[in-house]
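Remarks on the structure that follows.
The values are calculated or read from the model by the stated rules, or taken from the named source; none is laboratory data. In this text the structure is predicted, and so the values were computed from the model without any measurement. All Cβ positions, glycine included, derive from the backbone under ideal geometry; neighbour counts span all protein chains shown.
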Amino acid sequence: KVLILDFGSQYTQLIARRVRELNIYSEIHPFNKVPSNLDDYKAVILSGSPMSVRSENAFHIDLNEVRGKKPLLGVCYGAQYLAHFHGGEVGASSTREYGRANLSYVKSNETFLDGISSGSQVWMSHSDTIKKLPTNGELLASTHDVENAAYKIKGEDTYAIQFHPEVYHSTDGKQLLENFLIKIANVNPDWTPNAFVEETVEALQEKVGGDKVVLGLSGGVDSSVAAMLLHKAIGENLYCIFVNNGLLRKDEYTQVLQQYEGMGLNVKGVDASARFMDALAGLDDPELKRKAIGRVFIEVFDDEAKEVQNVTWLAQGTIYPDVIESVSATGGPSATIKSHHNVGGLPDFMKLKIVEPLRALFKDEVRRVGASMGMAADLLGRHPFPGPGLAIRILGDITPEKVAILQEVDAVFINNLKKWDLYDKVWQAGAILLPVNSVGVMGDERTYEKCVALRAVESTDGMTADWVNLPYEFLQATSNEIINKVKGVNRVVYDISSKPPATIEWE
Ligand code: XMP
């Protein structure tokens, strides 16, 4: 595996993903928490950083155990760091060094640059520049504006590049990482979805043994893939619980439950709609609604988990972005690792030992692992859906009638996205029931009915998002169908707000 030491660049996660696309497992660690088991890593990559090596607060790292002992690649800040503190010089650059550039010089007969020729496009993003190479530095490549765009240290497997190979705009970036990791560092590219499944199933068997495990299925990709891995490992000892909170999409509960049963999972469906509806009665504040739903879910799940005798483990679908400790721009690694559970919390199921088979994976890798286990494409390609479900898409208080109306509207919207082949092009979509009535006319009758908003966004992680430019013809057909089919709705609007400053959900 490969170690990526993070200095806080916004691109660090991308480095990990590009390395993994080469079928090589990589891990991100903060620069000041270098793992002690360095022998397990066959190569080390130093990330970029918002920090300047010339700043008095520059991030420092002890490379004694790495330099000259293992293949080392410095990217951007990493490259400047290796220069500045090892006999070279870094200064402010006089020309803009952001965005596209092309290599104007590429040293020949250099394994690191195999398959990369002069003219290759690279992506720059830095305000400092390397003015003088470090001791024993040898120039490997330049662009028009940046002379020292790539160099190596003679006598070591140490390489450095000023540009970012991890972004797609660096067209040969993947080739460069491949040259470094496979040709120079001799890392074996054997980390495939199938290999992951095999290894994980074995590891789970070893960890869990003959114990019983409970897992809450949500209908989403992560919990489903986690369940499938555990199912492969321990079969009937995995007890899945799928709770209907009455706030799912139309027919979702029965369909997804059937799908889970079809996969051979030992799953219990629990229809607790009434309990959730009771708890929500009269609540119109978004956070109070969320809290009520969270509380009832814990109660329901706890009751069900207790039904399983002698259970010792709780499985969760936590994925890698939730556990990466990253370095914040203001200095030092941020201490917060998101935790999906409160150790020592009240409910019994939370006192169980935790098993998280997807902790090492990015979302797209979860999907690929699911596919390699033969899971259905429609399950793996599902849009994200919030835990509180339609409750945060019904503005104001919740009633069963409002839920029923929104389920119908949502079903028309989502089905049409699928029919028009737009579903997979959208990251997340849904309908929102607004607390306004407006006047309309149907036939000769005046109507005074509900307004719904449609929302479809593009995003990669939900942190930022933009509305999708859906074709007018699609919006026209969908609006007609909603107003004609769904009783109680006479107006449809389309949400054209980006996040930030709006959010994806309306509540
Ligand atoms: P926002 O509305 O914050 O949503 O832009 C970002 C992503 O998070 C989802 N979301 C939630 N998921 N519980 C969840 O499990 C919640 O309370 C919640 N609120 C928002 C939202 O659907 C989007 O994918």
_closer than 22 Å to Leu352 by Cβ and in the same structural domain as Met373 (by TED's automatic domain parsing): is that true of Gly246 in this structure?_
no
*Among residues belonging to region 481-507 that are farther than 12 Å from Phe413 by Cβ and more than 28 Å from the chain's Cα centre (by Cα), point out the one that is nearest to the ligand (Cβ to nearest atom).*
Val493
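Here is a yes/no grid of residues against (1) surrounded by fewer than 21 Cβ atoms within 10 Å (Cβ to Cβ); (2) assigned to a helix (DSSP H, G or I):
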| position | (1), (2) |
| --- | --- |
| Val214 | no, no |
| Ser224 | no, yes |
| Met228 | no, yes |
| Gly235 | yes, yes |
| Phe242 | no, no |
| Glu261 | yes, yes |
| Gly282 | yes, no |
*Tell me, please, whether a residue that is on the phi > 0 side of the Ramachandran plot and in contact (Cβ under 8 Å) with a residue 12 or more places away in the chain can be found in region 24-35.*
no
*Taking region 446-476, which residues are of a type in the set (S, T, N, Q) and either within 12 Å of the ligand (Cβ to nearest atom) or surrounded by fewer than 15 Cβ atoms within 10 Å (Cβ to Cβ) (or both)?*
Ser459, Thr460, Thr464, Asn469, Gln476
_Meets criteria (touching a Cys at 6+ places or on another chain (Cβ under 9 Å) and either among the charged types (D, E, K, R) or outside the structural domain of Lys69 (by TED's automatic domain parsing) (or both)) for Val214_ = yes
*Does region 98-116 include one or more residues that are in contact with a Phe, Trp or Tyr (Cβ under 8 Å, 6 or more places away or on another chain), under 19 Å from Lys152 (Cβ atoms) and either modelled with pLDDT of 95 or more or surrounded by 14 or more Cβ atoms within 10 Å (Cβ to Cβ) (or both)?*
yes
*Please indicate, with yes or no, whether at least one residue in region 259-282 is of a type outside the set (S, T, N, Q), under 27 Å from Trp313 (Cα atoms), away from the ligand (no atom under 16 Å from the Cβ) and in contact (Cβ under 8 Å) with a residue 60 or more places away in the chain.*
yes
*asked:* Given the condition over 24 Å from the mean Cα position of the chain (by Cα) and either under 30 Å from Val308 (Cβ atoms) or surrounded by fewer than 20 Cβ atoms within 10 Å (Cβ to Cβ) (or both), answer yes or no: does some residue in region 186-196 qualify?
replied: yes
*Looking at region 373-393, is at least one residue over 23 Å from Leu257 (Cβ atoms), more than 13 Å from the ligand (Cβ to nearest atom), aliphatic (A, V, I, L, M) and not in a loop (DSSP other than H, G, I, E, B)?*
no
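Would you confirm whether or not region 236-243 contains a residue that is touching a helix residue (DSSP H, G or I) at 6+ places or on another chain (Cβ under 9 Å), touching a residue at least 24 places away in the same chain (Cβ under 8 Å) and more than 25 Å from Val208 (Cβ to Cβ)?
Scanning region 236-243, I find no residue that is touching a helix residue (DSSP H, G or I) at 6+ places or on another chain (Cβ under 9 Å), touching a residue at least 24 places away in the same chain (Cβ under 8 Å) and more than 25 Å from Val208 (Cβ to Cβ), so the answer is no.
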*What's the number of the condition Val441 fails, among (1) of a type outside the set (Gly, Ala, Ser); (2) at pLDDT 95 or above; (3) farther than 15 Å from Ile414 by Cα; (4) away from the ligand (no atom under 16 Å from the Cβ)?*
(2)
_Could you check region 263-280 and list, in sequence order, the residues that are assigned to a strand (DSSP E or B) and over 14 Å from Pro400 (Cβ atoms)?_
Val267, Lys268, Gly269, Val270
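Part of a loop (DSSP other than H, G, I, E, B), under 25 Å from the mean Cα position of the chain (by Cα) and among the hydroxyl-bearing types (Ser, Thr, Tyr), is that true of Ser36?
No: the conditions fail for Ser36.
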*Quick one: Trp427 ticks every box in (1) surrounded by 21 or more Cβ atoms within 10 Å (Cβ to Cβ); (2) of a type in the set (A, V, I, L, M, F, W, C); (3) within 24 Å of the chain's Cα centre (by Cα) except a single one, so which number is it?*
(1)
*If a residue has to be under 31 Å from the mean Cα position of the chain (by Cα) and under 16 Å from Gly78 (Cα atoms) to count, how many in region 110-148 make the cut?*
6
